[in-house]
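Student: Okay, handing you the structure first.
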Amino acid sequence: MEIENIIRYIARAIGLKPSVMRGEARLRGLYRIIYSKTIRGPCEPDVANRLRGAYVPQPFQEEGKQSLTRRTWYYSSDDRTTPVSAGLCRVRAMDFTDQVAIVVGGSGAIGAAVVAMLAERGALVVAGYCRNAAAAANVVARCRGMRGSVVARQVDARDPQSVDALVDTVAGEHGRLDIVVFCAGAMRLMPVETLGIAQWNETLMLHLDGAYHVCRAALRRMMRRRYGRIVNVAALHGLAGGPHQADFSAATGGMLGLTRTLAREAAPWNITVNAVAPGLIETPQLATIPEEMRAWGERVIALRRVGKPEEVAAAVVFLASSLASYITGQTLVVDGGWRMAP
């Protein structure tokens, strides 16, 4: 009842007649027309017309007989050809046309999937790589012919000067920077009693320092336009820990804390900062863990399988889209139901 009252209150605020606000079916239609104000497409004449839409009964056929009456919301009283339900399909399709994105770690399995999904949806994507130029070139080749475009640029996330140079160059060339994804990383199994300080520092420098350098450089540019989407790809280890992975768990846990802090600081500039925490994903790194550990993981995962890079990329791309405009400071776990936290 409280939700119905809220919907009716909004309807009165935008000038809809009280006669169209009664009944469950009408409430559903009312919700659709209010929700449709976020739709961006060729069928909208303007927001005001759409919100003042008429509530018109339309007959439909069932098994060849006119048996029931369906009531449908239309964009305006003068436009009876485009129902709101058609527009809702568009709002659910993530579109990044003309947006500029940087994916640090874009030559890796998950990073390459993120690059491809953004390019498929119209973005201009810079795939950042550190050493593997051949893998980055393959990513660019696979994305040819997509709606957007992809270029590869070298960057070392551990070096703040290298990161600043990349961000400044991309933003300077295109006049904007909308999306930054950090998904560079590596994992090596080592019991804590034999974990050397060199490996500890190297892991933290790549994951935690790298995320800090990338986010800091991106925020400076995004604050100027008062818009931005930052997504850090951490790992489930940052939430639950992992045996023989003290350095990796500490680094990715730090990334999650950094994400929450930056989300609070960046919110006044309409910038969201979120994280994705993958579980067991089919990447080259997965081949480095013992087979029995993989088999154990597949047994305890609710979906009984290892995830795909594209399934992680889908979560990243969602958080980078306008559909996630009211989500910030969150960690989206993509683990097939391995760790089901309340």
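Student: Consider residue 275 against the criteria (1) in contact (Cβ under 8 Å) with a residue 60 or more places away in the chain; (2) not in a helix (DSSP H, G or I): it satisfies all of them except one. Which criterion is unmet?
Tutor: Just one mismatch for residue 275, condition (1).
Student: Related question: Is it the case that the range 291-311 has a residue that's open to solvent by less than 20 Å² (accessible area, probe 1.4 Å), assigned to a loop (DSSP other than H, G, I, E, B) and on the phi > 0 side of the Ramachandran plot?
Tutor: There is no residue in the range 291-311 that is open to solvent by less than 20 Å² (accessible area, probe 1.4 Å), assigned to a loop (DSSP other than H, G, I, E, B) and on the phi > 0 side of the Ramachandran plot.
Student: Restricting the first residue to the range 193-210 and requiring it to be at positive phi, which pairs with a second residue that is open to solvent by less than 30 Å² (accessible area, probe 1.4 Å) and of a type in the set (A, V, I, L, M) meet a Cβ separation below 8 Å and a spacing of at least six or different chains?
Tutor: Final answer for the pair search is none.
Student: Let me ask something else. Working only within the range 246-257, note down all residues that are touching a helix residue (DSSP H, G or I) at 6+ places or on another chain (Cβ under 6 Å) and either open to solvent by 10 Å² or more (accessible area, probe 1.4 Å) or free of Cβ contacts under 8 Å to residues at least 40 places away in the same chain (or both).
Tutor: 248, 249, 253, 254
Student: Would you say residue 325 is within 17 Å of the chain's Cα centre (by Cα) and more than 22 Å from residue 113 (Cβ to Cβ)?
Tutor: Answer is yes for this residue.
Student: Tell me, which strands (runs of 3 or more DSSP E) wholly within the range 42-149 include 1 or more residues that are among the hydroxyl-bearing types (Ser, Thr, Tyr) and modelled with pLDDT under 95?
Tutor: 55-62, 65-76, 79-83
Student: Which of the residues spanning the range 204-251 are among the polar types (S, T, N, Q) and either within 20 Å of residue 128 (Cβ to Cβ) or not in a strand (DSSP E or B) (or both)?
Tutor: Passing the criteria: 232, 249.
Student: Given the structure, is residue 203 over 30 Å from residue 270 (Cβ atoms), surrounded by fewer than 21 Cβ atoms within 10 Å (Cβ to Cβ) and over 22 Å from the mean Cα position of the chain (by Cα)?
Tutor: no
Student: Pick from the range 319-342 the residues that are within 18 Å of residue 260 (Cα to Cα) and not aliphatic (A, V, I, L, M): which of them is least open to solvent (accessible area, probe 1.4 Å)?
Tutor: In this case the residue turns out to be 329.
Student: Next question. Please specify each residue of the range 180-209 satisfying the condition of being of a type in the set (Gly, Ala, Ser) and out of contact with any strand residue (DSSP E or B) (no Cβ under 7 Å at 6 or more places or on another chain).
Tutor: Passing the criteria: 185, 186, 196, 198.
The values are calculated or read from the model by the stated rules, or taken from the named source; none is laboratory data. Just so you know, these numbers come straight off a predicted model, no measurement behind them. With ideal geometry, Cβ positions are generated from the backbone for all residues, glycine too; neighbour counts draw on all protein chains shown. Only protein heavy atoms, including side chains, enter the accessible area calculation; ligands, DNA and RNA are left aside. Shrake-Rupley method; radii C 1.70, N 1.55, O 1.52, S 1.80 Å.
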